[in-house]
Amino acid sequence: MKRTASLSAVLAVSLAVGVLSTTGTASARDRPTDSRPGRDLYGTKAPYAPQGEPGRYQEAPKGFVPVFTENVARHGSRAMTDSGDGDAVLAALHKAQGQDALTDLGARLGPQVEALLAAASGIGYGNLSARGAEEHRQTALRMEQRLPDLFADIAARHEPIVVETSGVPRTVASAGAFTGGLVSGEPALAGLIKAPVTDRDRLYFHKQPQNADYQAYLKGDPDLAAVLADIGADPRTTEAAHRVVGRLFQDDYAATLSDEDQVSFARSLHQLYSAAPDLAVEAPDVDLTPFLARRDAQWFAYLDDAEEFYQKGPAFDGRTITYRMAGVLLDDLLAQARAKADGTSDNGAVLRFTHAEEIEPLAALMGLPGSTEPADPDEPYTYANNPWRGAEVSPMGANIQWDLFAKPSSAGRPAKYLVRMLYNEKETAFKPSCKPVTKGSYFYELDELKHCLAHG
């Protein structure tokens, strides 16, 4: 029978997000310094957890009122994109089972993996999960609660709410959940939300032909290949894999497996471990935490973060190949705010839904917290020497929001416009080259951003 998520199950999902952000950690490469303990076990697959503090946002300067908002958001939690890792783990387990070589713990793993795969297949590999939909619905409700006057004005003035996606089903579904959240909070918005339009050049730019140089970098850049090989060859990878295998397989059998096979198995298991929380509603009885010790989960999360860092994030000092392509998205953020200020657009909001491959480069291009430091070519990225963490930079549902505030013209003075940025719902300063209206303020003149965010 197809499972339908109950309200209590959805509430349990919301509680689980909090649990993930408060659980303890273990040490990883050169001792990590994560400020969000527990989330470092899941990398960019970490479910969304808002970072803002309701009721503690700065007030806009006197006379300024919100007139427009826009965002860029990653899709919410989802099913794995395919069954590859699950199939690999099950194949290894079945082979060992045939030789009576599983430990008691190992014998319990197969049914858990099968249940997780069934849940993913049930909603469609790569598709938005119930948790992902609720992440976006709640994010939208909080947006509306932060800007009640703006959304009331949008409704009163019948201003359009534009929705753009990459066209990939999970982003379209995320957009539907988000706008559904807006309507549930303010029903008068229902007729103002435009049908989603696809913009692959801005919201799926990493796959577009104009970025063939980036695709070539991923496929064959010698520096990229060398640094990832160096990180992967760290003996702690093999040590962690041996510990994982040793808990699940009998010693004599484990000794017959090559180091390569053990690492491959352990990394596939970690991929499933990371994906399981995203399917908490569809697979409520799946719990893979007993099968991967915390320190080993964190090590494999570090390996995943290293790949993300070099493939989509700040990467190598002196090179911009991984993030300069995000300029089309930054330019659109500026253009939409400018159009509203100039009176050439009557949009009340522009909502964009995309992927980690776009959020991570945009964060690096804008110099957002955690994405300001590339790695020295001679000193590979580690948790000790760099603050970049996938779970903080681009968890499921990650979002960047700009709110435009206006002070109407008076006594012959032109109207003034300020922008406030939220990153995962936390008030966030623009890069140091951008000067706020006053020291310590999160409000910036729109014209200031046009100049300080210029990029080549």
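Quick look at the values:
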{"item": "Value at 222 nm in deg cm²/dmol, rounded to 500, when DSSP H runs of n ≥ 4 in the chain each add -39,500 (n - 2.57)", "result": "-14500 deg cm²/dmol"}
{"item": "Subset of 194/431; 62/450; 312/426; 407/450; 194/416; 62/431 violating a 26 Å alpha-carbon distance limit", "result": "194/431; 194/416"}
{"item": "Cα shape, the stretch 279-334, gyration tensor, a/c 1.5 rule", "result": "oblate"}
{"item": "The stretch 120-141-the stretch 326-358 distance, computed between alpha-carbon centres (Å)", "result": "24"}
{"item": "Residues 321, 123, 400 arranged by fewest to most Cβ contacts within 10 Å", "result": "321, 123, 400"}
{"item": "Cβ-based net charge around residue 453, under 15 Å, with every Lys or Arg adding one and every Asp or Glu removing one", "result": "0"}
{"item": "For 44, 428, order by how many other beta-carbon atoms lie within 10 Å, fewest first", "result": "428, 44"}
{"item": "At least 30 Å along the helix axis (C-alpha) and Kyte average at least -1.0, DSSP helices within the chain", "result": "104-123"}
{"item": "Fewest-first ranking of 162, 244, using other Cβ atoms within 10 Å as the exposure measure", "result": "162, 244"}
{"item": "In the stretch 396-456, trypsin sites (Lys or Arg not before Pro) in a DSSP loop with at most 14 other beta-carbon atoms within 10 Å", "result": "439"}
{"item": "Stretchable slack from residue 260 to residue 435, in nm (0.36 nm times residue separation minus alpha-carbon distance)", "result": "57.9 nm"}
{"item": "Prolate/oblate/rounded label for the stretch 193-259 (Cα gyration tensor, a/c 1.5)", "result": "oblate"}
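Values quoted throughout were computed directly from the atomic coordinates according to the rules given, and no laboratory measurement underlies them. All values reported here derive from a predicted model rather than from experimental measurement. When we count neighbours, we look across all protein chains shown, and the Cβ atoms used for this are built from the backbone with ideal geometry, even at glycine.
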